[in-house]
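Here's the structure we're looking at; comments come further down.
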Amino acid sequence: MLASPFIFGKTVSEDAFTNREDEMLRLKNNMFSGINTMIISPRRWGKSSLVERVSNEIMQQNSKIAVVNIDLFSSNTFQDFLEVFAKSVIKASSNRAEDWINAGKDFFKNVIPRLSFGASPQSDFSLSFDFNNNDFDYDEILNLAEEIAVRKKIKFIINIDEFQNIAGYKDYEDADKKLRSIWQKQKNVTYCLYGSRRHLMEEIFTDSSKPFYKFGDILFLQKIKREKWIDFITSKFVETKKVITVEFAGQIADLMQNHPWYVQQICYFIWHKTHKSVTEEIITDSLNEVINSNLPLFKREIEILSRTQINLLKAVAGEETQFSSVDVMRRYQLGTPANAMKNIKILLKNDLLIDNYGKLIFSDPVFLYWFKRDYLN
């Protein structure tokens, strides 16, 4: 049985990766040139796949560059960050567990890491620090990659996903100042910072009062163009000996508003339902399957909203634009003008809505389909 050529839910392979040539070139040039890059876009637009693809190509082209991949999804404190940072840098610097032990001895002078190994050293390696020491030297950890790079005559590229999570640390203001002050001086380490909370990422990197302002090149990831999706979709069906018309491929891109995750997801369902040729009925059934497969996520997002916030979403879904007008506020029960403006800010911060050149729109096209179906009948 053939595997589907369409992939979602994880970073996509080279075969399933499509039309990010300009972004790939820009990111690769930045990484080779030592320019820090911050990637900003709504959720599920392919940031992780882009970073992984470029990083893999760089490692293949230059053996003197080590790539560190860090995910801060489960990081809740600055101490969590420091431990995962140190562990990831040490692991990326060598493939040998013996070298990891030596790194703990050679590169830490004022802090003493606790290293432990399980039955499988490659997968069961852990590192921790005693943060209760009043003389704890945070700088030594944050300079670790630079020190190793100088000693080994290599360079590091450090990719940090969900970077916006640092904004939730209790000591965030001190942490981001410390990170910026140390990282900006490093000559052999390049950082690529990205995350799934667009609004928070923009606050961190575009606010002139924040430490990470002008830390490097900000790459605002754009949607993949409709014609590129048509080429990609039709070619994948042809390669697997199935048929889809150009018109249907365009319809799919339009339905998903060129959203990378959802185009791949609906095509995955369409491909599996198609024996020979794609039909309108298959597309409709697959759209419903996409909506239903995302229901748990959508329900979690809606459950935390107040009644007036949900009403505001109804107004946006109804393509209203004057949210403080008497008529709109009355019909949608938005409360006071001040309350409506407050809710707009909250929904923007939660990335449920996007300010698209002055017009509020839903950030997630499938969430909008579900919301219209279940809340607007």
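Is there any pair linking a residue in region 250-261 that is farther than 10 Å from Ile230 by Cα and in the same structural domain as Thr279 (by TED's automatic domain parsing) to one that is acidic (Asp, Glu) and assigned to a loop (DSSP other than H, G, I, E, B), with Cβ under 9 Å and at least six apart or on different chains, and which?
Pairs found: His259/Asp364.
Return the residues of region 22-75 that are outside any helix (DSSP H, G or I) and under 15 Å from Leu219 (Cβ atoms); say none if nothing qualifies.
Passing the criteria: Ile35, Asn36, Thr37, Met38, Ile39, Ile40, Ser41, Pro42, Trp45, Gly46.
Could you say which residue among Arg180, Arg198 is modelled with pLDDT under 95 and assigned by TED's automatic domain parsing to the domain that holds Phe85?
Going through Arg180, Arg198 in turn, the sole match is Arg198.
Only residues that are of a type in the set (D, E, K, R), closer than 20 Å to Val68 by Cβ and over 26 Å from the mean Cα position of the chain (by Cα): list them for region 125-146, please.
Asp139, Glu140
Just a yes or no: is a residue in region 274-291 of a type in the set (Gly, Ala, Ser), over 29 Å from Lys359 (Cα atoms) and in contact with a helix residue (DSSP H, G or I) (Cβ under 7 Å, 6 or more places away or on another chain)?
The answer is yes; a qualifying residue exists.
Need pairs with beta-carbon distance below 6 Å; first residue closer than 22 Å to Gln79 by Cα and assigned to a helix (DSSP H, G or I) and within region 95-123, second among the aromatic types (Phe, Trp, Tyr) and modelled with pLDDT of 85 or more; sequence gap 6+ or separate chains.
none
Scan Ile361, Ile354, Ile304, Ile346 and give me the residue that is of a type outside the set (Ser, Thr, Tyr), under 21 Å from the mean Cα position of the chain (by Cα) and farther than 25 Å from Asn258 by Cβ.
The match here is Ile346.
Quick check on region 234-288: of everything there that is closer than 25 Å to Phe371 by Cα and polar (S, T, N, Q), which residue is surrounded by the most Cβ atoms within 10 Å (Cβ to Cβ)?
Looking at the filtered set, the residue picked out is Gln264.
So, Lys210, is that one surrounded by fewer than 21 Cβ atoms within 10 Å (Cβ to Cβ) and assigned by TED's automatic domain parsing to the domain that holds Val68 or not?
Yes, satisfied.
Does region 127-147 contain any residue that is without any contact (Cβ under 8 Å) to a residue 12 or more places away in the chain and not in a strand (DSSP E or B)?
yes
Determine, yes or no, whether Ile39 is farther than 26 Å from Phe205 by Cβ and buried (at least 17 other Cβ atoms within 10 Å of the Cβ).
For Ile39, the condition - farther than 26 Å from Phe205 by Cβ and buried (at least 17 other Cβ atoms within 10 Å of the Cβ) - is not met.
What do you reckon, is Ser41 in the same structural domain as Ala167 (by TED's automatic domain parsing), closer than 23 Å to Val263 by Cα and among the polar types (S, T, N, Q)?
Judged against the criteria, Ser41 is a match.
I'd like the residue in region 218-233 that is crowded, with 18+ Cβ neighbours inside 10 Å and β-branched (Val, Ile, Thr) and, out of all such residues, is modelled with the lowest pLDDT.
Ile224
The values are calculated or read from the model by the stated rules, or taken from the named source; none is laboratory data. All values derive from a computational prediction rather than experimental measurement. Cβ sites come from the backbone with ideal geometry, for glycine too, and all protein chains shown count toward neighbours.
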